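Below is one structure; the comments refer to it alone.
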Amino acid sequence: MLAYIQGVLILALINAISVVGLAVFTGFTGLMSLGHAAFIAVGAYTCAITTKTFGLPFIVGLPLSGLVAGLVSLIIGIPTLRVKLRSDYFTIATLGFGEAMRVILENLSLTNGARGMAGLKHFSTLPTVLLIFVLVVFFTKNFIFSRYGRMSIAVREDFTAAEMTGINLFSVRLRALFFSAVCAGIGGALMAHHIRFIQPNMFTNVQSTLMTASVVAGGM
């Protein structure tokens with residue numbers, strides 16, 4: 001019974017790490033994303049490949065997962081945010097990006113295709129996940145109350161007025177997207193080493209929708 005409760009708490013904290021990052025992007029820039037499951041998948045596979053395929057320690061794979069997920073976010077962020085897509089069009093773009101990433105993972109030999117990767121070591125213990133959750137919340141709070149966070153809030157409230165005061169909409173939104181992707185990548189890495197098995201079908205648009213619903217339910 002205790003092991004079950006610990007498992008539920010670990011999954012709750014892992015999801016919370018990813019949702020906190022998405023809350024920064026959605027809640028403080030006003031844009032909705034339905035493709036964040038792609039960043040979770042990138043983080044999960046990056047950490048799994050790093051630790052299992054290349055034999056590197058988990059302490060190396062975890063931050064690397066966040067970094068790679070953040071870099072992948074630039075692929076969708078730079079072209080869409082630079083042309084200032086409206087909220088609904090941006091949401092559709094992220095939806096397609098998430099599905100495209102899942103298909104890519106299904107066809108890569110490095111990720112073992114649709115069969116997924118099994119036999120991962122269990123590194124995501126409750127103390128480890130709790131510590132990382134606290135750190136993520138700490139850095140998120142500092143980001144929100146920083147100069148960049150205030151600019152994000154200004155963009156959310158009125159992007160036209162914010163732009164007239166000299167705020168670069170593209171830079172602010174891309175920075176928030178990068179931060180949220182890093183959090184999602186870390187969450188994916190922790191999930192991979194908790195469940196100890198990952199496959200592309202675990203990272204569908206349903207998961208992205210649940211994350212967005214969590215942000216809305218928690219208060220944007």
From largest accessible area down, sort SER73, SER146; use a 1.4 Å probe on the protein chains. SER146, SER73
Could you work out [θ]222 nm for the chain from helices alone, using -39500 (n - 2.57) per DSSP H run of at least four and dividing by all its residues? Round to the nearest 500 deg cm²/dmol. -25000 deg cm²/dmol
Inter-site label distance for LEU135 and TYR4 at 7 Å from Cα along Cβ, in nm: 3.2 nm
Using a 1.4 Å probe, what is the accessible area per residue for region 1-81, in Å²? 37 Å²
Residue separation times 0.36 nm, minus the C-alpha to C-alpha distance between PHE54 and TYR148: what's the value? 30.2 nm
Looking at the calculated P(r) for the chain, what percent of the C-alpha pair distances fall above 27 Å? 29 percent
Among the helices of the chain (complete DSSP H runs), which have Cα atoms covering no less than 30 Å along the helix axis and a Kyte-Doolittle mean of at least -1.0? 2-29, 58-82, 169-195
Per residue accessible area of region 87-220, 1.4 Å probe, in Å²: 52 Å²
Evaluate the relative contact order of the chain (contact order divided by residue number), counting alpha-carbon pairs under 8 angstrom at least 6 apart; express in whole percent. 46 percent
To the nearest 0.05, what FRET efficiency results for PHE170 and SER214 with a Förster distance of 35 Å applied to their C-beta separation? 0.85
With all protein chains present, how much of the accessible area of the chain (probe radius 1.4 Å) comes from carbon and sulfur, to the nearest whole percent? 71 percent
Considering only C-alpha atoms, what is the centroid distance from region 164-220 to region 122-152, in Å? 13 Å
Quote to one decimal, in nm, the extra length available between ARG86 and ALA118 on full extension: 0.36 nm per residue of separation minus the C-alpha distance between them. 7.5 nm
Once normalised by the length of region 97-220, the mean sequence separation of its alpha carbon contacts under 8 Å that are 6 or more apart gives a contact order in percent of 45 percent
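The values are calculated or read from the model by the stated rules, or taken from the named source; none is laboratory data. Please read all numbers here as calculations on a predicted model, not as lab measurements. When we count neighbours, we look across all protein chains shown, and the Cβ atoms used for this are built from the backbone with ideal geometry, even at glycine. Surface areas here come from the heavy atoms of the whole protein model, side chains and all, with no ligands, DNA or RNA. Shrake-Rupley method; radii C 1.70, N 1.55, O 1.52, S 1.80 Å.
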